[in-house]
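To keep things clear, I will list the structure first and then write my remarks on it.
The values are calculated or read from the model by the stated rules, or taken from the named source; none is laboratory data. The structure presented is a predicted model; accordingly, all values stated were derived computationally and were not measured. Note that we place each Cβ from the backbone using ideal geometry, even for glycine, and neighbour counts take in every protein chain shown. Protein only, heavy atoms only, side chains kept; ligands, DNA and RNA dropped before computing areas. Shrake-Rupley method; radii C 1.70, N 1.55, O 1.52, S 1.80 Å.
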Amino acid sequence: MQIGYLGHAGFVVETEGAVVVADPWVSRHGAFGSSWMQLPQNHHLAPLVRQKLEDPRKPRFVYVSHEHGDHFDRDFLASIGRRDFTAVVPRFRRPELVERLRATRCRVIACADGEKVPIPGGYLRLYVQDAGLNRDSGLLVKADGQAFLNLNDCKIHDRLGQIASEEGPIDVFTAQFSGAIWHPTCYEYSPKQYAAISRRKMFGKFEAVARALESVRPRLFLASAGPACFLDPALVHLNFEEMNIFPRAQKFFAYLRKRLSGLTSALVEPMPGDMLDVASGKLMVLASERLDEERFEQYVRGYAARMEDLFQGRRAPPPADLPAVLDRLREELLHKLSRLDLRERVGVALYAWLEELPERVLRIEFPSQRIEEVSAVRDEPRYTFKVRAADALEVLERKMTWEEFFLSFRFRLSRSPDEYDPVLHGFLALEADDLPSLCESIRQVEANKERAVIAAGSARYAVHRYCPHQGADLTEGWVEGGHLLVCPRHRWQFDLEKQGRCTLNNSSLCAERLPDNVEPLPGTVRKVEDEPQPLVALNTAS
Ligand code: FES
C-alpha cells in the first residue's frame, strides 16, 4: 500500500488492486467562500488526481467523509472526465451528500456505520457519526495485509479501542489535531480571554489525539487535517496569532513527544505530493516545497498575493437596500424559530443586526417565538450576532448553507454569560430543515439514563454514562485534576465534586460519590482511570 498525501485531509491510497482517493480538496478557490484555503498550497496536484481517477486499469473509489467544502470539493469531483469511479460516502440522515454525488453521474455507495465495501485484496470500512450538530465519518482502508485508519475530523475517540481490537494492527493512523470551529475565533473576548480559551481548546485536542494514539498504537502517525490558511484580508491575521486553535503539526508533535514518553509510533509530517510506502514506513519526499516554520509568515504573505484576485469582489460597497436585507434576515430567523422544537429551553435573548445598520437590532425571544426590533442591545443574559449585509446575503440567497457561512468566519458573536447552549448553537448554525432532527438527537441522548461508575483517584462516583452533549461514552473519557471527568469527543469537563456539573454550561451527569466500602451494583460499568499526566506546558514556539 502506498499513501500519497494531497494536503489537508486528502489522500490517494494505492493498493495492489485499487485506487482510493479520500477527501481531495484541491480547487483553487478553497472553501467557504474562499475564507479557508489549503495549507500549504496544493492546487497543482489536481491534474495528477484527475489522471488517477481517469485511469481504468484499476477500480477507483472516491471517499468523501462529510459535506464540508474542505472535504467535499464539488468542483474538482465534477471535473473528472470518466464517471466510472465509485463514490463511497457515509449514510447520514441528511441526504445532501449522496444526492449531490448521484447528480454527477457516478456510482454512489452510501454506508451505514461500520459497513464494509469490498475492494480487490480487502475492503473499505466507514465509521459514521451523525449527531444532529455534527455529521462526519472516518475511513479504514484494509488491503494487502495493511491497514490505514483515517479519522480526519470525525470525533469517535470513544470507539477507537473497540475499532483497534476488531481491525488491528493499524499500520498508519491520522486524525485531526487542529481546531476548525468559530469558537473562540469569532467571539468578542478580551485578548487575555481569547488566548486562555484557545490554549485550553488546543491542548484539549492535543490530549484527545494523544489518547487516540495510545488506543490505536499505529506504526506511523501522519499529520493531516491541520489548519487551513486564511488569505482573505479580513481574516489573514488569524494565521499569525501567537495563540489560537489553529496549531500546525510541529507544535502538536512537540506535545506528543513530551506527553507520550514511551511513544513508539513514528510521527510524519508529509507535504502535498509526498508518498508514504506503508510496508517500509518510508516517506518519499516528492513535494517541491515544504512548509518552513521559520519562514511561515513570508510563505503566507506570498500565497495571499498569488490569490489576491479571489478577494477583489469583496471590496464592493454594501447592498443598496439594507432594510430589505434585514427583513430577509428576520424572515429567515422566524422560519428557523418555527422549526426549533426545543426553543423554550433557550433562556437568553439573541440580538442580531447588520454591521451597516447598527441602530436596527432584531431581538429574538425563543420561548415566545417572537422577534421585535429594538435600537440597542439590552443589558441582560444575551447572545449577539453581527454580520455584514453582503455576507448575510450569501446565506439568505442560498449560495451557502448556514453551516458553511459560520465556517466562513465572516461575522462576530458574543454571549453573556459565556456558556455554550447546544440548542442556540444549532439554531444559528443549521438549516431550518435540520432543526427537528437536532432536537430529536438531544432528546434521545437525554433519555438514556444508563449509569456508570467512574474512579477518580481513590474516590468512586456513579454518573450518567453518556455525555449530555452528543452521547459519547464517558467510560472512555479520563479524569483531570483528580475530579474533572473529560468527555473523549469534544472534551467537555464535568466536575465530579459538584454533582457532575459541566464547567461550560448547566448540564450535569448527576454524579453521586459512592461510599468507599460499597462495590458497584452488578450491571454498572467500572472504569478505573489512572491519574493522567498533567497537560504539558509548551512554549508557543514549536
Ligand atoms: S459528546 Fe461532545 S463533549 Fe461529549
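When you look at ARG93, is it touching a residue at least 40 places away in the same chain (Cβ under 8 Å) and farther than 19 Å from PHE11 by Cβ, yes or no? Considered against the rule, which asks whether it is touching a residue at least 40 places away in the same chain (Cβ under 8 Å) and farther than 19 Å from PHE11 by Cβ, ARG93 comes out as yes.
So for segment 200-209 (the condition being closer than 30 Å to GLY122 by Cα and open to solvent by less than 10 Å² (accessible area, probe 1.4 Å)), does at least one residue qualify?
Quick first cut of segment 200-209, residues closer than 30 Å to GLY122 by Cα only: 208-209.
From the residues that got through so far, the ones that are open to solvent by less than 10 Å² (accessible area, probe 1.4 Å) too are 208-209.
Yes; the residues of segment 200-209 include at least one that is closer than 30 Å to GLY122 by Cα and open to solvent by less than 10 Å² (accessible area, probe 1.4 Å).
Note on segment 154-163: residues that are more than 16 Å from the ligand (Cβ to nearest atom) and open to solvent by 20 Å² or more (accessible area, probe 1.4 Å) total 2.
If the requirement is being at positive phi and open to solvent by 20 Å² or more (accessible area, probe 1.4 Å), which of these qualifies: GLN493, GLN499? Just a single option satisfies the conditions, and that option is GLN499. In this structure, does TYR123 turn out to be hydroxyl-bearing (Ser, Thr, Tyr) and within 30 Å of VAL486 (Cβ to Cβ)? In short, no. Given (1) at pLDDT 95 or above; (2) closer than 30 Å to LEU428 by Cα; (3) part of a loop (DSSP other than H, G, I, E, B); (4) not aromatic (Phe, Trp, Tyr), identify the lone condition not met by PRO318. Of the numbered conditions (1) at pLDDT 95 or above; (2) closer than 30 Å to LEU428 by Cα; (3) part of a loop (DSSP other than H, G, I, E, B); (4) not aromatic (Phe, Trp, Tyr), the odd one out for PRO318 is (1).
Any residue in segment 137-153 that is more than 27 Å from ASP277 (Cα to Cα), open to solvent by less than 10 Å² (accessible area, probe 1.4 Å) and at pLDDT 95 or above? Outline the logic, then answer.
Filtering segment 137-153 down to residues more than 27 Å from ASP277 (Cα to Cα) leaves none.
No.
Could you check, for segment 310-317, whether at least one of its residues is open to solvent by 50 Å² or more (accessible area, probe 1.4 Å) and of a type in the set (Lys, Arg)? For segment 310-317, residues open to solvent by 50 Å² or more (accessible area, probe 1.4 Å) and of a type in the set (Lys, Arg): present. Applying the set (1) within 16 Å of the ligand (Cβ to nearest atom); (2) open to solvent by less than 10 Å² (accessible area, probe 1.4 Å); (3) out of contact with any strand residue (DSSP E or B) (no Cβ under 6 Å at 6 or more places or on another chain); (4) at pLDDT below 95 to ALA175 leaves exactly one unmet item: (4). Screening segment 422-487 for strands (runs of 3 or more DSSP E) wholly inside it with 1 or more residues that are within 13 Å of the ligand (Cβ to nearest atom) returns the ranges 459-464, 478-480, 484-486.
Looking at the structure I just gave you, is ARG345 open to solvent by 70 Å² or more (accessible area, probe 1.4 Å) and on the phi > 0 side of the Ramachandran plot?
On the way: open to solvent by 70 Å² or more (accessible area, probe 1.4 Å): yes; on the phi > 0 side of the Ramachandran plot: no.
In short, no.
In the set LEU276, LEU350, LEU291, which member is part of a strand (DSSP E or B) and closer than 30 Å to PHE253 by Cα? Steps first, answer last, please.
Numbers: LEU350 fails: closer than 30 Å to PHE253 by Cα; LEU291 fails: part of a strand (DSSP E or B).
The match here is LEU276.
Just the residues that are touching a strand residue (DSSP E or B) at 6+ places or on another chain (Cβ under 7 Å) and assigned to a helix (DSSP H, G or I), please, taken from segment 294-315. Result: VAL300, TYR303.
Quick check on segment 395-412. Is at least one of its residues among the charged types (D, E, K, R), free of Cβ contacts under 8 Å to residues at least 60 places away in the same chain, out of contact with any Gly (no Cβ under 8 Å at 6 or more places or on another chain) and closer than 17 Å to LEU322 by Cα? Yes - at least one qualifying residue is present in segment 395-412.
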